[in-house]
Amino acid sequence: MKVTYTSVLVMAMLSLLLSSQVLVSTAVTCSPVQLASCAGAMMSSSTPPSSDCCASLREQKPCLCGYLRDPSLRGYVNSPNSRKVANTCNVPLPSC
C-alpha cells in the first residue's frame, strides 16, 4: 500500500512540474521591437511580409491589444498596411 501512495504522489508532482513548464514556455514578452522584421511590409504596400515577420506577428498576437491601446503604437498596428500584413500572415487582428 505504501508503494502505491508514493507512486501516486510522485506522479502528481511530476504532472504538476510538467504543467508549470508548459505555462512558462508559452509566456510572451510583449515588445514591439519584436516586430521589426515587419517594418518593410508595414510601411510599403508593395513589400510582402517575410516568414520571420509572420512568425514574429504570431508570437506577438497576445500583445496586439496592448499595442492598440498605446497611443504611440496604435497608428502602426491599425494602419491599412499592417492589416494587410496580418491578413497575409493569417493572424487576425483582435477586437479589443
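Please go through (1) within 12 Å of the chain's Cα centre (by Cα); (2) at pLDDT 95 or above; (3) hydroxyl-bearing (S, T, Y) for T26 and return the number of the only condition it doesn't satisfy.
Unmet condition: (2).
Enumerate the pairs (first residue in region 78-95 and free of Cβ contacts under 8 Å to residues at least 24 places away in the same chain; second residue anywhere and surrounded by 14 or more Cβ atoms within 10 Å (Cβ to Cβ)) with beta-carbon separation below 6 Å, excluding pairs fewer than 6 apart on the same chain, so at least 6 apart or on different chains.
From region 78-95, no pairs qualify.
If you take the residues of region 25-51 that are open to solvent by less than 90 Å² (accessible area, probe 1.4 Å) and of a type in the set (A, V, I, L, M), which of them is farthest from R83 (Cα to Cα)?
Per the stated criteria, the residue is A27.
Specify the residue that is nearest to the chain's Cα centre (by Cα); the eligible residues are those in region 52-64 that are in contact (Cβ under 8 Å) with a residue 24 or more places away in the chain and open to solvent by less than 30 Å² (accessible area, probe 1.4 Å). Spell out the reasoning first.
Within region 52-64, the subset in contact (Cβ under 8 Å) with a residue 24 or more places away in the chain is 53-54, 57-64.
Next, only the ones that are open to solvent by less than 30 Å² (accessible area, probe 1.4 Å) stay: 53-54, 57, 60, 63-64.
Numbers: C53: 12, C54: 11, L57: 7, Q60: 3, C63: 7, L64: 9 Å.
Step by step, filter region 52-64, then rank; the result is Q60.
Is it the case that some residue within region 76-94 is among the aromatic types (F, W, Y) and open to solvent by 90 Å² or more (accessible area, probe 1.4 Å)?
Initially, region 76-94 is screened for residues among the aromatic types (F, W, Y), giving 76.
Imposing the further condition that a residue be open to solvent by 90 Å² or more (accessible area, probe 1.4 Å) reduces the set to 76.
Within region 76-94, one or more residues are among the aromatic types (F, W, Y) and open to solvent by 90 Å² or more (accessible area, probe 1.4 Å).
The values are calculated or read from the model by the stated rules, or taken from the named source; none is laboratory data. This structure is a prediction, so every number in the text was calculated from the model and none was measured. Positions of Cβ are generated from backbone atoms using ideal geometry, with glycine treated the same way; all protein chains shown enter the neighbour counts. What goes into the accessible areas is simple: the full protein's heavy atoms, side chains included, and nothing from ligands, DNA or RNA. Shrake-Rupley method; radii C 1.70, N 1.55, O 1.52, S 1.80 Å.
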